[in-house]
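These notes are about the structure you will find just below.
The values are calculated or read from the model by the stated rules, or taken from the named source; none is laboratory data. Computed from a predicted model, the values in this text were never measured in an experiment. Glycine gets a Cβ as well: all are built from the backbone with ideal geometry, and neighbour counts include every protein chain shown.
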């Protein structure tokens with residue numbers, strides 16, 4: 001099962017004035033659902049377009065099952081793409097759109113009819129053969145685009161923000177469908193998105209990209225729980241960031257001081273000294289009664305704002321250290337007991353606090369990149 | 001001040017306000033613009049309608065209406081369009097030039113547009129700019145230059161039909177390029193990329209995907225080229241060798257300098273109707289082929305604007 005393995009090596013793309021992709025290395029084993037996640041302009045789409053063959057790399061290698069295809073024209077690569085705007089041919093009906101690739105491959109008529117039918121069944125659009133793409137809803141066009149790409153049995157399917165144009169509810173439904181479809185066909189999916197939730201829910205692994213570089217590679221849980229850079233911490237979900245001074249750092253535990261309070265945090269492999277940032281997720285902050293006994297990692301604060309968001313309550317607390325911190329309290333049906341001006345005690349659990357070197361998010365240092373390489377290799381089976 | 005005078009001034013005031021309100025009601029139609037538009041349409045169409053009306057006059061007058069007849073189309077045994085050989089030849093020559101122009105300029109313009117739209121490098125900007133030259137060069141300058149070229153440089157081409165066709169093609173190509181390139185930009189590269197992604201070589205992508213998508217632009221360009229060629233006077237006149245190579249506009253021009261008959265109106269009406277039919281056909285084809293496309297970024301509207309070029 002070595003079909004669909006992608007390896008990018010020192011891949012780089014310079015446009016006239018900007019470097020879109022700045023020498024990235026990635027390994028995606030066959031059959032994985034892998035996402036490239038990042039803000040617009042981070043180089044994720046350019047990376048995908050280079051793998052598809054629409055852009056020619058400035059330098060570097062694209063290994064598809066071990067062969068370098070960086071300079072193979074797109075029509076000779078065994079990858080297929082689902083485009084952001086679907087790019088269904090408007091002059092052809094659904095059947096002819098899906099059959100387009102098979103006809104280019106000169107398959108016999110009977111086989112084309114059978115495979116198109118099967119592909120339509122796969123995306124649950126049986127009976128839509130004669131429709132024009134303009135007569136389909138956004139979600140249906142999306143499925144036709146999927147069928148058109150999958151019917152050719154590619155070893156890798158590239159998806160460029162395929163759900164971007166759909167409304168939230170449909171997007172959720174299709175996320176689940178796409179994931180199960182991927183498991184059904186068992187080929188590699190390389191999925192580009194700027195939607196962190198989409199990337200987290202669907203991917204086996206993901207790479208967070210920024211400024212043409214890969215910031216971190218890992219499983220959704222690793223990347224979310226264990227961000228290695230400020231950028232990743234900030235981009236994925238909501239993070240409370242605080243300035244702190246490192247007192248002691250080590251692989252098992254660190255101590256940081258901020259404004260008269262000393263906190264213990266998780267250990268780090270990274271080299272942190274002096275000024276650093278500490279990060280905690282809103283859902284990990286515990287709110288306690290202000291009269292509860294003070295103790296380790298506890299900071300007094302005052303409720304500044306309470307926002308009801310439905311499934312949870314967002315409580316913005318001004319900590320005694322000066323920073324406003326956001327805490328997320330699950331809505332369990334009991335009455336909201338927090339109100340503006342109420343004193344509380346914040347508990348920042350040791351295992352939820354992380355120290356990150358300042359500034360790494362803006363200009364990723366070589367160190368951060370080196371740190372992720374072995375991780376990607378070790379997660380790759382085989 | 002009497003109560004009556006007060007009452008009157010208030011009424012006048014409110015009438016003025018109402019008129020202003022009718023013209024610029026921010027929630028209603030832009031009536032002010034509607035009024036101006038209709039005024040312009042009437043202004044521009046009235047002379048045409050008058051010319052058409054007198055082509056059906058039963059007497060030799062082009063100013064005094066008598067009664068309706070087809071005398072100047074075919075009724076008159078000597079001076080009608082059908083029976084006067086100079087008029088008949090002019091009509092034929094005009095259609096011949098327009099037809100040849102379409103057949104030559106459209107394919108060349110199409111290839112040029114494809115090349116220019118896909119060529120991003122040194123000189124592409126300049127080429128795109130030079131493409132617009134024939135659109136802004138005064139026609140009279142172009143006519144004189146072409147005549148010089150054919151009499152001094154390419155002397156094997158004599159004035160007459162061939163020179164006229166070459167002249168028409170020279171300035172028509174720009175129109176084709178502008179229209180086709182507009183469509184190319186509005187459809188973007190995504191369909192070509194999708195075709196390549198599905199295994200189509202660049203040539204197959206061109207014939208199976210790009211050309212079908214360009215069909216509306218090609219038809220529109222053909223209609224526009226036909227219209228401007230049939231309409232052309234300056235270049236046709238400079239490159240004409242007289243007699244049978246005079247086109248309808250030349251014939252009308254020389255006729256009106258002598259003693260014009262309503263047959264001039266008749267031949268003008270025939271040209272106008274023929275051109276209208278062809279442009280309408282082009283427009284309907286364009287509408288038919290683009291009917292299913294989603295309107296993104298007003299591409300359709302931009303493209304419809306191409307028809308205003310004629």
**Report entry** Selected residue (only one of A:158, A:152 is in the same structural domain as residue A:69 (by TED's automatic domain parsing), at pLDDT 90 or above and in a strand (DSSP E or B))
**Finding:** A:158
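Of all residues in region A:243-271, which are in a loop (DSSP other than H, G, I, E, B) and either farther than 14 Å from residue A:356 by Cβ or in contact (Cβ under 8 Å) with a residue 40 or more places away in the chain (or both)?
A:249, A:250, A:251, A:252, A:259, A:260, A:268, A:269, A:270, A:271
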Query raised in the report: residue A:54 passes all but one of (1) without any contact (Cβ under 8 Å) to a residue 40 or more places away in the chain; (2) buried (at least 16 other Cβ atoms within 10 Å of the Cβ); (3) away from every other protein chain (no Cβ under 13 Å); which number fails?
Result: (3)
Query raised in the report: Of the residues B:254, B:263, which is touching a residue at least 12 places away in the same chain (Cβ under 8 Å) and away from every other protein chain (no Cβ under 14 Å)?
Result: B:263
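Can you tell me which residue within region A:120-135, out of those that are within 14 Å of chain B (Cβ to nearest Cβ) and under 13 Å from residue A:95 (Cα atoms), is farthest from the chain's Cα centre (by Cα)? Don't jump to the end; show me each part of the working.
Step one: list which residues in region A:120-135 are within 14 Å of chain B (Cβ to nearest Cβ), which gives A:130-135.
Filter once more, keeping what is under 13 Å from residue A:95 (Cα atoms): A:130-133.
Numbers: A:130: 37, A:131: 34, A:132: 33, A:133: 30 Å.
Among those residues, the one meeting the criterion is A:130.
Report whether or not residue A:62 is under 14 Å from residue A:133 (Cβ atoms) and either touching a strand residue (DSSP E or B) at 6+ places or on another chain (Cβ under 7 Å) or not in a loop (DSSP other than H, G, I, E, B) (or both). Break it down into steps so the answer makes sense when it comes.
On the way: under 14 Å from residue A:133 (Cβ atoms): no; either touching a strand residue (DSSP E or B) at 6+ places or on another chain (Cβ under 7 Å) or not in a loop (DSSP other than H, G, I, E, B) (or both): yes.
Criteria not met by residue A:62.
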Report task. Look through region A:158-175, keep the residues that are within 14 Å of chain B (Cβ to nearest Cβ) and surrounded by 17 or more Cβ atoms within 10 Å (Cβ to Cβ), and return whichever of them is nearest to residue A:51 (Cα to Cα). Result -> A:158
Report task. Please determine, by comparing only the residues of region B:116-149 that are out of contact with any helix residue (DSSP H, G or I) (no Cβ under 8 Å at 6 or more places or on another chain) and under 22 Å from residue A:15 (Cβ atoms), which one is surrounded by the fewest Cβ atoms within 10 Å (Cβ to Cβ). Result -> B:121
Requested in this report: Name every residue in region A:95-149 that is over 19 Å from residue A:170 (Cα atoms) and in a loop (DSSP other than H, G, I, E, B), in order of residue number.
Outcome: A:105, A:106, A:107, A:108, A:126, A:127, A:128, A:129, A:130, A:131
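Among B:198, B:210, which is the only one that is surrounded by fewer than 21 Cβ atoms within 10 Å (Cβ to Cβ), closer than 30 Å to residue A:72 by Cβ and within 14 Å of chain A (Cβ to nearest Cβ)? I'd like the intermediate steps shown before the answer.
Working: B:198 fails: surrounded by fewer than 21 Cβ atoms within 10 Å (Cβ to Cβ).
Answer to the selection: B:210.
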**Report entry** Subset of region B:166-220 (residues that are out of contact with any helix residue (DSSP H, G or I) (no Cβ under 7 Å at 6 or more places or on another chain) and closer than 30 Å to residue B:145 by Cα)
**Finding:** B:166, B:178
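Rundown of residues vs (1) surrounded by fewer than 19 Cβ atoms within 10 Å (Cβ to Cβ); (2) over 28 Å from residue B:195 (Cα atoms), yes/no style:
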| position | (1), (2) |
| --- | --- |
| A:135 | yes, no |
| A:146 | no, no |
| A:152 | no, no |
| A:156 | no, no |
| A:177 | yes, no |
| A:190 | no, no |
| A:216 | no, yes |
Report task. Return yes when residue B:169 is surrounded by 13 or more Cβ atoms within 10 Å (Cβ to Cβ) and either under 19 Å from the mean Cα position of the chain (by Cα) or in a helix (DSSP H, G or I) (or both) and no when it is not. Result -> yes
Requested in this report: Kindly indicate whether any position in region B:112-120 is assigned to a loop (DSSP other than H, G, I, E, B) and within 14 Å of chain A (Cβ to nearest Cβ).
Outcome: yes
Requested in this report: Only one of these is under 21 Å from the mean Cα position of the chain (by Cα) and in contact (Cβ under 8 Å) with a residue 40 or more places away in the chain: A:159, A:150, A:178. Name it.
Outcome: A:159
Report summary line: residue A:101 fails exactly one of (1) more than 14 Å from chain B (Cβ to nearest Cβ); (2) in contact (Cβ under 8 Å) with a residue 40 or more places away in the chain, namely (1)
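Matching residues to (1) outside any loop (DSSP other than H, G, I, E, B); (2) more than 30 Å from residue B:180 (Cβ to Cβ):
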position: B:27; (1), (2): no, yes
position: B:38; (1), (2): yes, yes
position: B:81; (1), (2): no, yes
position: B:88; (1), (2): yes, yes
position: B:108; (1), (2): yes, no
**Report entry** Evaluation of residue B:238 against (1) surrounded by 20 or more Cβ atoms within 10 Å (Cβ to Cβ); (2) over 14 Å from residue B:113 (Cβ atoms); (3) within 12 Å of chain A (Cβ to nearest Cβ) (one fails), failing number
**Finding:** (3)
Query raised in the report: Given the conditions (1) within 13 Å of chain B (Cβ to nearest Cβ); (2) surrounded by fewer than 19 Cβ atoms within 10 Å (Cβ to Cβ); (3) in contact (Cβ under 8 Å) with a residue 12 or more places away in the chain, which single one is not true for residue A:40?
Result: (1)
Query raised in the report: How about region A:57-83: which of its residues are within 13 Å of chain B (Cβ to nearest Cβ) and surrounded by fewer than 18 Cβ atoms within 10 Å (Cβ to Cβ)?
Result: A:72, A:73, A:76, A:78
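Among the residues that make up region B:183-190, is at least one of them within 23 Å of the chain's Cα centre (by Cα), at the interface with chain A (Cβ under 7 Å from one of its Cβ atoms) and either closer than 30 Å to residue B:271 by Cβ or assigned to a helix (DSSP H, G or I) (or both)?
Keep residues of region B:183-190 that are within 23 Å of the chain's Cα centre (by Cα), which gives B:183-186.
Then keep just the ones that are at the interface with chain A (Cβ under 7 Å from one of its Cβ atoms); that gives none.
Checking region B:183-190: not a single residue is within 23 Å of the chain's Cα centre (by Cα), at the interface with chain A (Cβ under 7 Å from one of its Cβ atoms) and either closer than 30 Å to residue B:271 by Cβ or assigned to a helix (DSSP H, G or I) (or both).
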Requested in this report: Looking only at region B:61-68, decide whether some residue is touching a helix residue (DSSP H, G or I) at 6+ places or on another chain (Cβ under 6 Å) and part of a helix (DSSP H, G or I).
Outcome: no
